[in-house]
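Below: the structure, in structure tokens.
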Amino acid sequence: MDATLTLTGFVALYIFMLAAFTGYEIIGRVPAILHTPLMSGSNFIHGVVVVGAMYALANAHTWLEQAIGFAGVVLGAGNAAGGYVVTERMLGMFKSSKPEQK
Amino acid sequence: MNFPIGLLIQASYFAAAFLFIFGLKRMSSPVTARGGIVWAGAGMVVAVLVSLAFASPENPQFKTNLALILIALAVGNAWAWWQGRRVPMTSMPQMVALYNGMGGGAAAAIAAVELYGAHAQGYGPQGLALLGALIGGVSFSGSLVAWAKLEGKMQKSIRFSGQKILNALVLLATLAVGVWILGGLTELKVSLFFAGALAFGVLMTIPIGGADMPVVISLYNAFTGMAVGLEGFVLQNPAMIIAGVLVGSAGTLLTILMARAMNRSLANILFSNFGEVDVGGGEIAGTLKSAEAGDAAIQMRYASKVIIAPGYGLAVAQAQHKLYEFVKLLQERGVEVKFAIHPVAGRMPGHMNVLLAEAGVPYDIIFDMEDINNEFKEADVALVIGANDTVNPAARTNKASPIYGMPILNVDQAKQVYVIKRGQGKGYSGVENELFYRDNCNMVYGDAQKVMVQMIQAVKELGA
């Protein structure tokens, strides 16, 4: 990673704490009707792992690193794309009866 | 030369992290949910595009690596997009499990490259990489087992004596190898470590029954998030850290909420092996009374309030659309119709809402159990379709029953209960249902879709 940012020691711990609380707060008040799409949506968000796999593959030197990195990018891209498609499909189906009655 | 690219990468990651949080927040309300996933998706596109800049011409493998990245992105995207488009809504839980396992596998792969290539140096980065590899590896192999089970490709539960001890030993051995690696990194040790992590994921998941699988999938979702966050620290990648930790904590909470909805603790689900307990409760006195679909429909036509309790069987029979057609007929004739959703109706919390939404049922006539349970006593008819354990009164009273303590829908309090059911089989937990033997309960046997067609016809024949 580029040296413009150093996330170690306490800075890392602070980020960890704040991100953890954010996640907790967002999910805390969610209605059960959205649990499945939300699980799928959060599943999509950790698909950002593909970015790390791209970094690993970009910096690979041996065939072993390239092979593992390649698998990592395929898996990560699948996580992201698949998570997006199924979440979007599910959420697209939710609709209210109110506007139709008017 | 290098600086502007670095700045661009950091700025894009900042934007992506914001979009992920904002998108997840929007997804937590049904009104804004669809916009939420689109925002988060935009964040993902930004993050991926800018990350192509990681391929540096200084690396002798530059061209090969860049080509490999592009091919891998294309393959992964195309496959998942195609799968995601065609998967039926009933199979959503296993699809989420599969995508989640892929994410865990990717996190483990990152750790593998960092460790095999000795890129991670020092106790801190190596420790984090190992921890992320363990969690990601468990999530990968565990999710694949969960997928295979829900997809019916694997026997429901595999158990043997001494299983818990074996699992504990495998975990301890893997952790010991991890410590050993910190003392001096070799490829053999790293391979042993990954073998241990993957084996533990399989061993941990095989004894868990199908009914508990959704909670396990949710747990692995949180695992993958945490693994991604940890690898983010190793790579010093803020987008991965924030997205990963965000999902790690949100997913953990979601898992606890799901377990609580089933009135179980997480430890109980993971270690007590419910799911296919020997049939408890024994024989129930009384007889099953069956009714004709048409008669049931006519009674509902003249009721003032009908509450429908749908279960997974409804979706298996693909009867949601016919059911909603029937509901609309009743509504046109002045009957108040509501849907009551048990927290674990379908295969996981919220799954039934998705299945009903697919048929066009608006979400404002669909109610969560706690909001509607007091209304059953005012209902003239409760219609149970393809649900079983979630309406079994034994959960309230029978301590011997494996589902004892699970909150249930109070359908038995309605004046009349109709249960549409394929045959006299038992529920997912394998328990007999007392409800079916109650005086105010009649069984309508048959395929849910055919029954709904008969009901629609009966109401139509009566005229408006």
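The values are calculated or read from the model by the stated rules, or taken from the named source; none is laboratory data. In this text the structure is predicted, and so the values were computed from the model without any measurement. Neighbour counts are summed over all protein chains in view; Cβ atoms, including those assigned to glycine, are modelled from backbone coordinates with ideal geometry. SASA here: full protein model, heavy atoms, side chains in, ligands and nucleic acids out. Shrake-Rupley method; radii C 1.70, N 1.55, O 1.52, S 1.80 Å.
Quick look at the numbers
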{"quantity": "Chain B - percent relative contact order, Cα under 8 Å, separation 6 or more", "calculated": "13"}
{"quantity": "Dipole of the protein assembly as shown, positive direction: furthest Cα of B:V451, A:I27, B:I408, with charges on the beta-carbon", "calculated": "B:V451"}
{"quantity": "Förster-model FRET efficiency, 35 Å R0, B:L462 and B:R422, C-beta, rounded to 0.05", "calculated": "0.85"}
{"quantity": "Length released on extending from B:I165 to B:K377, taking residue separation times 0.36 nm less the Cα-Cα span", "calculated": "71.4 nm"}
{"quantity": "Per-residue mean of C-beta atoms belonging to partner chains within 10 Å, peptide B:15-28", "calculated": "5"}
{"quantity": "Point-charge dipole on Cβ atoms (K/R +1, D/E -1) for segment B:334-434, about Cα centre, debye to 20", "calculated": "460"}
{"quantity": "Protein-only accessible surface order, largest first, of B:E292, B:E231 at 1.4 Å", "calculated": "B:E292, B:E231"}
{"quantity": "Surface/4 of the Cα convex hull for chain B, nm²", "calculated": "24.3"}
{"quantity": "Principal-axis tilt of helix B:238-261 within chain B, Cα atoms, nearest 10 degrees", "calculated": "30"}
{"quantity": "Shielding by partners - mean other protein chain Cβ count within 10 Å, residues of B:110-120", "calculated": "6"}
{"quantity": "Length gained when the stretch B:A78-B:K328 is fully extended (0.36 nm per residue, less Cα-Cα span)", "calculated": "86.1 nm"}
{"quantity": "Virtual spin-label span in nm between B:L70 and B:V38, 7 Å along Cα→Cβ", "calculated": "3.0"}
{"quantity": "Chain A: relative contact order as a whole-number percent, Cα under 8 Å and 6+ apart", "calculated": "29"}
{"quantity": "Computed lengthening from B:W180 to B:R86, 0.36 nm per intervening residue step minus Cα-Cα distance", "calculated": "29.3 nm"}
{"quantity": "Shielding score for B:78-88, defined as the mean number of other chain Cβ atoms within 10 Å", "calculated": "5"}
{"quantity": "Rounded tilt (10° steps) of B:163-183 against the dominant C-alpha axis of chain B", "calculated": "20"}
{"quantity": "Ordering of B:388-401, B:132-145 by packing [mean C-beta count within 10 Å, highest first]", "calculated": "B:132-145, B:388-401"}
{"quantity": "A:T6 paired with B:Y445, simple spin-label distance in nm, labels 7 Å along Cα-to-beta-carbon", "calculated": "7.6"}
{"quantity": "Cross-link reach list, lysines versus B:K421, counting only Cα pairs under 17 Å and skipping chain neighbours closer than eight places", "calculated": "B:K289, B:K322, B:K450"}
{"quantity": "A versus B: buried accessible surface, summed, Å² (probe 1.4 Å, to nearest 100)", "calculated": "8700"}
{"quantity": "Angle in degrees between helix B:320-332 and the longest Cα principal axis of chain B, rounded to the nearest 10", "calculated": "50"}
{"quantity": "Given charges at beta-carbon only (K, R positive; D, E negative), |dipole| of the protein assembly as shown in Debye", "calculated": "480"}
{"quantity": "Peptides B:160-171, B:74-85, B:97-108, B:23-34 ordered by average Cβ neighbours within 10 Å, highest first", "calculated": "B:97-108, B:23-34, B:74-85, B:160-171"}
